[in-house]
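Here the structure is laid out as structure tokens; the discussion comes afterwards.
The values are calculated or read from the model by the stated rules, or taken from the named source; none is laboratory data. In this text, all values refer to a predicted model and were calculated from it rather than measured experimentally. Quick reminder, even Gly has a Cβ in these numbers, built from the backbone with ideal geometry, and neighbours come from all protein chains shown. When the accessible area is computed, the model is the full protein with side chains, heavy atoms only, and any ligands, DNA or RNA have been set aside. Shrake-Rupley method; radii C 1.70, N 1.55, O 1.52, S 1.80 Å.
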Amino acid sequence: MKVLTLDDFDLDSKTVFLRMDMNCPIDPETGEILGTKRIEEAIVTLESLKDAKVVIASHQGRVGNNEYTGMHKHAEVLEKLMGREIKYVEDTIGESAQNAIKNLEKGQILLLDNLRLCAEENYEFTPENAAKTIMVSRLSKLFDLCVLDSFPSAHRSHPSIVGFAQVLPSCAGRIVEREVRNLDEMMTVAKAPHVIILGGSKVPDRLEAIKLLIQNGRADHVLLTGLIGNVFMRAQARIKSPLGIKNEDEVVAKAHSLIGDYPDVFATPVDIAIDRDGERVEMDVREIGKGDKIFDLGPKTVEYYSKLISGAGTVFISGPAGFFEKENFRYGTSEMLNAVANSMATTIVSGGHLTTALKQQGLADKINHISTAGGALVLYLTGEKLPMIKSLEDAAIKHRSK
């Protein structure tokens, strides 16, 4: 590997900045954590750091959305999973956080509050400018080592992802080490046809990645579900009413352009399910009325997509097919995962929501590679160099030259 790992450092009594991704699905009504997979994943790296003083930093949600919360419940979950005390501070870069870091003893773990409470963490920077942020300049002097283990955030250039690696000895944690090794091995043996199933709600990121996947021979068929499926149906004029999403005209125009450039690649739903007074109502796409909110795939689409999946050599699925958190609308996500798990293809499942759904369905053992990363994994498969991986490679070059 081109990056350093925890095995390259003496960790005894060192103060370590550990950038994890504990961003979990949150129940919008109760505020409870719905899936703990990303918190569970942290344990393997924490066990490797048992003789260090560890400060965990993570974000949760985006400013203004339902999943934007503090991290105290994450600390409680981690404490329960590890059976040991996890210290927590309602601060990220202020005096309380700095004092808590200074007072850590060997073997102790501290979780900072949501990094996105610090304005800088909501913007992307060049690595050089990220190193000059208040976050990095204040905190870096308190650490001996930076460990980046936040693969789901690896495609972002936030200060915590690329800044600390500029000024501290830095290495990959166990999750990143495993992801990079497994994915590189799988991609050397991946066979066509490549079937990509995309859902979820982060449409702009997905549009850029789709083009790269097709251009780099990683997407022979793109099966669209969720909000991105709605965007493409709007581009096809099969949905007549506005979707009510941010920058809608721009993203619909991009989807329209992609369909024009690659007309034989895309598959969109033929039937869907809407929510009508709390009930699931299935209909042909042509029957969608003004104001109808699409919550799931219908059975004809599931059958159509499942046939394409069954003939694949490599299958990659990222993002739920609908509002799988609601029992009435789990069908599409559940059936897509079943089709992927029962195919003969090399299979990769991506994203925290799908990882949770896989666990609920007991299908994890049938998948070749499961990653809680979403957008980062999509971009990694295109062959793009992710900012976090580039930072780790640069840090390794610096370290080895000393």
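If you check I348 against the conditions, is it under 21 Å from V189 (Cβ atoms) and either in contact (Cβ under 8 Å) with a residue 40 or more places away in the chain or basic (K, R) (or both)? Write out each step before concluding.
Details: under 21 Å from V189 (Cβ atoms): yes; either in contact (Cβ under 8 Å) with a residue 40 or more places away in the chain or basic (K, R) (or both): yes.
Judged against the criteria, I348 is a match.
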Kindly list, by first and then second residue, each pair from a residue in segment 60-72 that is surrounded by 15 or more Cβ atoms within 10 Å (Cβ to Cβ) to a residue that is of a type in the set (A, V, I, L, M) and outside any loop (DSSP other than H, G, I, E, B), limited to pairs with Cβ atoms under 8 Å and residues at least 6 apart or on different chains. Q60/I26; G61/I26; E67/I26; T69/I26; M71/L111
Condition broken by A253, with the remaining ones in (1) hydrophobic (A, V, I, L, M, F, W, C); (2) under 24 Å from Y380 (Cα atoms); (3) open to solvent by 40 Å² or more (accessible area, probe 1.4 Å); (4) not in a loop (DSSP other than H, G, I, E, B) satisfied: (2)
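Residues checked against (1) charged (D, E, K, R); (2) in contact with a Phe, Trp or Tyr (Cβ under 8 Å, 6 or more places away or on another chain):
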position: F266; (1), (2): no, yes
position: V270; (1), (2): no, yes
position: I288; (1), (2): no, no
position: I294; (1), (2): no, no
position: K300; (1), (2): yes, no
position: S306; (1), (2): no, no
position: I309; (1), (2): no, no
Looking at (1) within 24 Å of H155 (Cα to Cα); (2) assigned to a loop (DSSP other than H, G, I, E, B); (3) open to solvent by 30 Å² or more (accessible area, probe 1.4 Å); (4) touching a Gly at 6+ places or on another chain (Cβ under 9 Å), find the lone condition where E90 falls short. (1)
In segment 15-27, how many are assigned to a loop (DSSP other than H, G, I, E, B) and surrounded by fewer than 18 Cβ atoms within 10 Å (Cβ to Cβ)? 1
Residue list for segment 41-52, restricted to those being open to solvent by 50 Å² or more (accessible area, probe 1.4 Å) and either over 15 Å from K87 (Cα atoms) or in contact with a helix residue (DSSP H, G or I) (Cβ under 8 Å, 6 or more places away or on another chain) (or both): V44, E47, D51
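Quick check on segment 224-250: of everything there that is in a loop (DSSP other than H, G, I, E, B) and open to solvent by 50 Å² or more (accessible area, probe 1.4 Å), which residue is nearest to P193 (Cα to Cα)? Quick ask: steps written out before the conclusion?
The first filter runs over segment 224-250 and keeps only residues in a loop (DSSP other than H, G, I, E, B), leaving 225, 236-247.
Going one step further and asking which of them are open to solvent by 50 Å² or more (accessible area, probe 1.4 Å), we end up with 236-238, 240, 242, 244, 246-247.
On the way: Q236: 25, A237: 28, R238: 27, K240: 33, P242: 34, G244: 35, K246: 33, N247: 33 Å.
Per the stated criteria, the residue is Q236.
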So, V281, is that one part of a helix (DSSP H, G or I) and not aromatic (F, W, Y) or not? no
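Here is a yes/no grid of residues against (1) assigned to a loop (DSSP other than H, G, I, E, B); (2) farther than 27 Å from S350 by Cα; (3) of a type in the set (V, I, T):
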{"site": "V54", "(1), (2), (3)": "no, yes, yes"}
{"site": "H59", "(1), (2), (3)": "yes, no, no"}
{"site": "G70", "(1), (2), (3)": "yes, no, no"}
{"site": "M135", "(1), (2), (3)": "no, yes, no"}
{"site": "R138", "(1), (2), (3)": "no, yes, no"}
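Can you find even one residue in segment 316-330 that is under 22 Å from E185 (Cα atoms), out of contact with any Asp or Glu (no Cβ under 8 Å at 6 or more places or on another chain), free of Cβ contacts under 8 Å to residues at least 60 places away in the same chain and buried (at least 20 other Cβ atoms within 10 Å of the Cβ)? Step through it out loud before you land on a result.
Start the filter on segment 316-330 by keeping residues that are under 22 Å from E185 (Cα atoms), which leaves 316-318.
Among the residues that remain, those that are also out of contact with any Asp or Glu (no Cβ under 8 Å at 6 or more places or on another chain) are: 316-318.
Pick out the ones that are also free of Cβ contacts under 8 Å to residues at least 60 places away in the same chain and you get none.
No.
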Out of the residues in segment 335-391 meeting the condition of being under 19 Å from the mean Cα position of the chain (by Cα), in a helix (DSSP H, G or I) and of a type in the set (D, E, K, R), tell me which one is surrounded by the fewest Cβ atoms within 10 Å (Cβ to Cβ). K359
